[in-house]
1. What are the pairs, 6+ residues apart or on separate chains, where a residue within region 415-438 that is within 27 Å of Lys113 (Cα to Cα) and modelled with pLDDT of 95 or more has its Cβ under 7 Å from a residue that is β-branched (Val, Ile, Thr) and part of a loop (DSSP other than H, G, I, E, B)?
2. Could you list, in sequence order, all residues of region 311-337 that are open to solvent by 20 Å² or more (accessible area, probe 1.4 Å), part of a strand (DSSP E or B) and out of contact with any Ser or Thr (no Cβ under 6 Å at 6 or more places or on another chain)?
3. Got a sec? Which of Asn412, Asn434 is under 30 Å from Pro257 (Cβ atoms), open to solvent by 20 Å² or more (accessible area, probe 1.4 Å) and within 23 Å of the chain's Cα centre (by Cα)?
4. Give the number of residues within region 201-220 that are in a loop (DSSP other than H, G, I, E, B) and away from the ligand (no atom under 16 Å from the Cβ).
5. Just checking, how many residues over region 412-439 are within 16 Å of the ligand (Cβ to nearest atom) and either of a type in the set (Asp, Glu) or closer than 16 Å to His388 by Cα (or both)?
6. If you check Thr198 against the conditions, is it surrounded by fewer than 24 Cβ atoms within 10 Å (Cβ to Cβ) and assigned to a helix (DSSP H, G or I)?
7. Quick check on region 96-108: of everything there that is open to solvent by 20 Å² or more (accessible area, probe 1.4 Å) and in contact with a helix residue (DSSP H, G or I) (Cβ under 9 Å, 6 or more places away or on another chain), which residue is nearest to the ligand (Cβ to nearest atom)?
8. Under 9 Å by Cβ, and 6 or more places apart or on different chains, what pairs join a residue from region 251-266 that is at positive phi with one that is assigned to a loop (DSSP other than H, G, I, E, B)?
Amino acid sequence: MKQKKYLLPESEIPTAWYNIQADMVNKPLPPLNPGTGQPLKAEDMYPIFCEECARQELNQTDRFIPIPEPVLEKYVYYRSTPLVRAYGLEKALDTPAHIFFKNESVSPVGSHKLNSALAQAYYAKEEGTTNITTETGAGQWGAALSYAAKAFGLEAAVYMVKISYEQKPYRRSIMQTFGANVTASPSMSTRAGKDIITASPNHQGSLGTAISEAVELARMTPDCKYVLGSVLNHVCIHQSIIGLEAEKQMEMADEYPDIVIGCFGGGSNFCGIAMPFLRHNILDGKKTRFIAAEPASCPKLTKGVYLYDFGDEAGYTPLLPMYTLGHSFRPANIHAGGLRYHGAGAIVSQLMKDKLMEAVDIEQLDSFKAGLLFARSEGIIPAPESCHAIAATIEEALKCKECGEQKTILFNLSGHGLVDMTAYDQYLAGDLTNFEVDEATVARNLAESKLDPSKAL
Ligand SMILES: *Cc1c(COP(=O)(O)O)cnc(C)c1O
């Protein structure tokens, strides 16, 4: 019988995260203080972020960062996650390509997000914090954070994007089951929320609005820190556990990827699967291609501009170097809620600029078509976000078929879609549509966000 699934023994689970900043030739640009235009120091972030996370954010020298023992103890509840050879999908596509996926959907909350939630909750607790607050889109990060907070004895307050709060009530129930306090954003509970609602009473919310509210709460509440589920460098560092494991598991399968693919919201699962392999392109001359799969309705990597922009709608965050559509961008209400973010993190943005990775746009209908084929051939219903990675994988596998090339493709299955069945229902009923964003819309939105594309970095 052919082996299909690869797991690591506990003794082989990585005990340090990988920090690609140490190996990048052109380092990620620093975050800036919007008032002074000066680069931030770690201390400048301490009032809002956990101190250790702030230090990791700016750490451009340590290639490996030890995973604290209590975090490792929680990791082994669900890690290693399986690396799976997708024989079923290969057969359905009749492709000579070898397709592998790393299955992060087996975490207790159903996505990769827990890898960073546990780390951030641990640091918050260690530093004497009692409360943490955050934003969530589809609810995956909120669910992970709520569980992680409980695991380390913290209170969690989560601002959930209003459209998702209504579309995905079960994710809210999951967070509440773990004991978190959940508010639909924009809400009347913060200054930022009030301002947004006053300006647009029917605002459906976005990650940008929810971040503003959470940051404001952290600022106003003693012993409360703000934690973020994606975009920032320290989150990408924590997610490297995915690729570090995959590297060992690919070795067990006696293969090395020609192409690595991840879906792209702010960059955390993509960085997680890709960076440990990308280091071998930088250091050892490997020629693997890295593809970020983003939704055509929120195309920051393919149609955005590399500029300093705010990470949130109200402009509370530092200025971050990002491929951005403008912080006021309101993505269409696609079901892949976790991909509805206007910008890409500093590491990915620099790698894009240096052409060390690529990006593709996926239409909503193509993503669900791919998700359905995957579900029917592999027996796992993928998260709507992950469907974008699957669609990009299928595209590459079909190219292999056309050219008769036997490439090895690895993609990250960032989560399962068992709490997203409304989305599948609508797709099956023919009720979903595509939302494409054209160049003119991007230009208009950058102007609205007071960004000048001629100042591209
Ligand atoms: C949040 C989420 C994403 C997108 O976020 P990244 O930080 O870009 O990884 C993708 N897939 C799932 C399942 C998610 O929950």
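The values are calculated or read from the model by the stated rules, or taken from the named source; none is laboratory data. As the structure is a computational prediction, the values presented were derived from the model and not from experiment. Glycine gets a Cβ as well: all are built from the backbone with ideal geometry, and neighbour counts include every protein chain shown. Side chains included, ligands, DNA and RNA excluded: accessible areas come from the protein's heavy atoms. Shrake-Rupley method; radii C 1.70, N 1.55, O 1.52, S 1.80 Å.
1. Listed by first residue and then by second, the contacts come to His416/Ile380; His416/Ile381; Gly417/Ile381; Leu418/Ile381.
2. Leu319, Leu320
3. Asn434
4. Total meeting the criteria: 4.
5. 9
6. Yes: the conditions hold for Thr198.
7. Among those that are open to solvent by 20 Å² or more (accessible area, probe 1.4 Å) and in contact with a helix residue (DSSP H, G or I) (Cβ under 9 Å, 6 or more places away or on another chain), it is Pro108.
8. Listed pairs, sorted by first residue: none to list.
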